[in-house]
Amino acid sequence: MLHIINYIVRIAIIVIGIIFVSGIVAPPNSDTTLFRVMGGVFILFGIYRIAIYRMKYKEYNFRDKDNEDENE
């Protein structure tokens with residue numbers, strides 16, 4: 001269950017970035033460049049967080065399997 005919540009939050013960050021980049025949400029009298037840059041940062045940050053989470057999850061499972069093998 002915790003894994004699903006983690007993925008949902010990280011994907012939501014990417015979706016927010018896509019919304020900012022596409023220009024759907026922008027204040028009427030402001031510079032749209034700021035929102036596009038923020039959207040790009042959000043997208044990259046979301047992808048980074050998913051990649052790091054997957055790597056750490058695999059590393060943790062690998063360590064658990066090694067510990068189980070040593071205990072047997």
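What order, most packed first, do the peptides 18-25, 52-59 have when packing is the mean number of other Cβ atoms within 10 Å of each residue? Please list the in-between numbers first.
Values: 18-25: 14.0, 52-59: 11.2.
Per-residue Cβ counts within 10 Å, averaged per peptide and sorted highest first, yield 18-25, 52-59.
Give me a comma-separated list of calculated 3J(HN,Hα) values for segment 18-26, in order, Karplus coefficients 6.51, -1.76, 1.60 applied at θ = phi - 60°, integers in Hz, x for any Gly or Pro.
5, 5, 5, 5, 6, x, 5, 10, 7
Rounding to the nearest 20 debye, state how big the charge dipole of segment 2-67 is about its Cα centre with +1 on each Lys and Arg Cβ and -1 on each Asp and Glu Cβ.
Rounded to the nearest 20 debye, it is 200 debye.
Quick note: the coordinates plus some simple rules give every number you see, no bench work behind them. Keep in mind that what you see is a predicted model, and the values were worked out from it rather than measured. Neighbour counts are summed over all protein chains in view; Cβ atoms, including those assigned to glycine, are modelled from backbone coordinates with ideal geometry.
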